Amino acid sequence: MKDKIVEQVVNKYTERSERGVIKYGTTLEQNNTDNFFVHLQEELMDATLYLQKLVKQRSELIELITNTESDKELGAKIRCLIR
């Protein structure tokens, strides 16, 4: 049995690798010149920003759901939130 989620992630890695080779003209395996500590630090800093955005959005959604009685009104508010 195949796990579709795993397959999706593997496909994303393959696509990302192909884009990287086109963009940088080398593979990660062959690249021994970049400072990967700095790359990792920058990626993790970005990740914390994305996480904060998602935490804020989740909190706003929970507040909307809790304080809005009408599903139609809730839908309109959610549409405004994601625009």
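Read-outs throughout are calculated quantities, based only on the coordinates presented, and are distinct from any laboratory measurement. Just so it is clear, the structure is predicted and the values come from calculations on it, not from any experiment. All Cβ positions, glycine included, derive from the backbone under ideal geometry; neighbour counts span all protein chains shown.
Using only C-alpha atoms and all pairs of different ones, pull out the Kirkwood radius for the stretch 35-83 in Å with one decimal.
About 12.7 Å for the stretch 35-83.
I'd like the per residue volume of the convex hull spanned by the Cα atoms of the chain, given in cubic angstrom.
Given the Cα convex hull of the chain, per-residue volume reads 171 Å³.
Quick one: how many lysine pairs in the chain have C-alpha atoms under 20 angstrom apart, if they're 8 or more apart or on different chains?
Eligible lysine pairs with Cα atoms under 20 Å apart amount to 5.
Using the Kyte-Doolittle scale, which helices in the chain average at least -0.5 and also have C-alpha atoms spread 24 Å or more along the helix axis, with helices defined as whole DSSP H runs?
On the way: long enough: 4-24 (29 Å, -0.80); 36-67 (46 Å, 0.09).
Membrane-span-like by this rule: 36-67.
May I ask which residue of L49, F36, L64 lies farthest towards the positive end of the charge dipole of the stretch 34-77, with charges of +1 (Lys, Arg) and -1 (Asp, Glu) on Cβ and the Cα centre as origin?
L64
Let me know the charge dipole size of the chain about its Cα centre in debye, to the nearest 20, where only the beta-carbon of Lys, Arg (+1) and Asp, Glu (-1) is charged.
300
Note down the magnitude of the dipole of the stretch 35-83 about its Cα centre, charges +1 on Lys and Arg C-beta and -1 on Asp and Glu C-beta and zero elsewhere, to the nearest 20 debye. Intermediate values should be presented prior to the final figure.
On the way: 7 positive and 8 negative charges, 37 e Å.
Charge dipole, the stretch 35-83, about its Cα centre: 180 debye, nearest 20.
May I ask you to compute the full-extension gain from D71 to Q57, defined as 0.36 nm times their residue separation minus their alpha-carbon distance, rounded to one decimal in nm?
Extra length available between D71 and Q57 comes to 3.2 nm.
Can you tell me the length gained on complete extension of the stretch Y50 to V9, counting 0.36 nm per residue apart and subtracting the Cα distance?
Working: separation 41, 0.36 × 41 = 14.76 nm, distance 1.89 nm.
Stretched fully, the Y50-V9 segment lengthens by 12.9 nm.
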